Amino acid sequence: MPIIQEFSEKIVDNIEKVIVGKRSVVRLAVVSLLCQGHLLIEDVPGVGKTVLARSLARSLGCTFSRIQFTPDMLPSDVTGVSIFNQVRAQFEFRPGPVMAQVVLADEINRATPKTQASLLEAMEERQVTVDGATHILPRPFMVLATQNPIEYEGTFPLPEAQLDRFLLRLRLGYPELEHEIDVLDRQQFRHPVLDLGKVVSEQELLQAQEEIKSVYVAPKIKRYIVDLVRQTRQHAEVYLGASPRGSLALYRTGQARAAMDGREFVLPDDVKELVRPALAHRVILGPAARLRDLSADQILTEILARVPVPGGDFRSEG
């Protein structure tokens, strides 16, 4: 699909003006965008989590809001609140920052579980309910959340239901030597994110999000996806495996990755590349695995080696 390939390349190239040497991670962020999914960026401080989220938002012709999560935040600080208007003698809804098309939830694990839960309805149903009244969120709608996995003081781990609503979880990692020097040069006078402009329109984004749904997924690929997900539920070291939402995540992100490469059909390589970012945060390890210091990524690598890769022609016969 050349149109989606060109669309995604414009966004990736724009973000790379700021995020140096992380093209594969940036491409995954665009995959999440194309799939109308939410993105969790988890890494140590200072590697560019918030900058990646801001760069993606600035590349789109969409409304943007940023929520800095803190332990004393209330759900109404996220969703909005009804205020009594004395002149009209009625309650009026004052929308919160979640009523935007791209929402940056910075350091989401600093908020209490009650405040984190205020995002659940928004992320799953694209709406918020305040004082019994339902308010529909704008389209497109995407939550970009960041969190620091090694800082425990004053943080609240994300519950499984919240983690499962994130389509992908990404890690940036430290830059290579030459890339880190490049970062110093680029930020000598001014942060490059301030000069980023939008490169695609809201209408182009909505169109691309619909077009990826027509990418062909062969029956053998669907079976491969489901086999991989079912293996996470049967693994001896796993307490709770990925849900059917994990299968859907692999299916849809596979379509997006294929379209970004200019193809109209999904290959096994698309699925293999997406298994860890799509499933690792959905897998809960058992006590024995934690004692052995195993990670979900290691379990998934083992499953990938165990499940047979389908062969043959994966193009649509039509």
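The values are calculated or read from the model by the stated rules, or taken from the named source; none is laboratory data. Model, not experiment: these values are computed from the prediction. With ideal geometry, Cβ positions are generated from the backbone for all residues, glycine too; neighbour counts draw on all protein chains shown.
Residues to consider are Ala122, Ala105; find the one that is in a helix (DSSP H, G or I) and either β-branched (Val, Ile, Thr) or within 15 Å of the chain's Cα centre (by Cα) (or both).
Within the list Ala122, Ala105, the selection yields Ala122.
Of all residues in the range 297-318, which are out of contact with any Ser or Thr (no Cβ under 9 Å at 6 or more places or on another chain) and assigned to a helix (DSSP H, G or I)? Write out each step before concluding.
Applying the first criterion (out of contact with any Ser or Thr (no Cβ under 9 Å at 6 or more places or on another chain)) to the range 297-318 yields 297-298, 301-302, 304-318.
Asp297, Gln298, Thr301, Glu302, Leu304, Ala305, Arg306 - these are the residues of the range 297-318 that are out of contact with any Ser or Thr (no Cβ under 9 Å at 6 or more places or on another chain) and assigned to a helix (DSSP H, G or I).
Counting only residues that are touching a residue at least 60 places away in the same chain (Cβ under 8 Å) and either touching an Asp or Glu at 6+ places or on another chain (Cβ under 6 Å) or part of a helix (DSSP H, G or I) (or both), which one in the range 259-277 is nearest to Pro310 (Cα to Cα)? Even if it seems obvious, please write down each step before you answer.
Of the residues in the range 259-277, the ones touching a residue at least 60 places away in the same chain (Cβ under 8 Å) are 259-264, 274, 277.
Restricting the remaining residues to those that are either touching an Asp or Glu at 6+ places or on another chain (Cβ under 6 Å) or part of a helix (DSSP H, G or I) (or both) gives 259-260, 274, 277.
Working: Ala259: 20, Met260: 22, Leu274: 16, Pro277: 21 Å.
So the residue we want is Leu274.
This table checks each residue for (1) touching a His at 6+ places or on another chain (Cβ under 7 Å); (2) small (Gly, Ala, Ser); (3) in the same structural domain as Arg139 (by TED's automatic domain parsing).
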{"site": "Leu196", "(1), (2), (3)": "no, no, yes"}
{"site": "Val199", "(1), (2), (3)": "no, no, yes"}
{"site": "His235", "(1), (2), (3)": "no, no, no"}
{"site": "Gly246", "(1), (2), (3)": "no, yes, no"}
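Being in a helix (DSSP H, G or I) and among the β-branched types (Val, Ile, Thr) narrows it down to one residue among Val20, Val30; which is it?
On the way: Val20 fails: in a helix (DSSP H, G or I).
Only one candidate passes the filter, namely Val30.
Could you please find all residues in the range 260-318 being basic (Lys, Arg) and surrounded by 15 or more Cβ atoms within 10 Å (Cβ to Cβ)?
If the condition is that a residue be basic (Lys, Arg) and surrounded by 15 or more Cβ atoms within 10 Å (Cβ to Cβ), then Arg263, Lys272, Arg276, Arg282 are the ones that fit.
Hey, any hits in the range 16-28 for a residue that's free of Cβ contacts under 8 Å to residues at least 24 places away in the same chain, of a type in the set (Ser, Thr, Tyr) and assigned by TED's automatic domain parsing to the domain that holds Ala100?
Checked against the condition, which is being free of Cβ contacts under 8 Å to residues at least 24 places away in the same chain, of a type in the set (Ser, Thr, Tyr) and assigned by TED's automatic domain parsing to the domain that holds Ala100, the range 16-28 yields at least one hit.
Against the conditions (1) of a type outside the set (A, V, I, L, M); (2) on the phi < 0 side of the Ramachandran plot; (3) touching a Gly at 6+ places or on another chain (Cβ under 8 Å), where does Gly80 fall short? Just the number, please.
(2)
In the range 118-152, how many are farther than 17 Å from Asp164 by Cβ, in contact with a strand residue (DSSP E or B) (Cβ under 8 Å, 6 or more places away or on another chain) and among the small types (Gly, Ala, Ser)?
Total meeting the criteria: 1.
Between Leu52, Leu40, which is within 13 Å of the chain's Cα centre (by Cα), of a type outside the set (Asp, Glu) and modelled with pLDDT of 90 or more?
Residue meeting the stated conditions: Leu40.
Within the range 1-37, restricting attention to residues that are over 18 Å from the mean Cα position of the chain (by Cα) and among the basic types (Lys, Arg), which residue is surrounded by the most Cβ atoms within 10 Å (Cβ to Cβ)?
The extreme case among them is Lys10.
Could you check how many residues of the range 69-91 are in contact (Cβ under 8 Å) with a residue 40 or more places away in the chain and over 23 Å from Leu120 (Cα atoms)?
Here is the first cut: in the range 69-91, the residues in contact (Cβ under 8 Å) with a residue 40 or more places away in the chain are 69-71, 73-76, 78-82, 91.
The next check asks that each one be over 23 Å from Leu120 (Cα atoms); those that pass are 91.
Number satisfying all stated conditions: 1.
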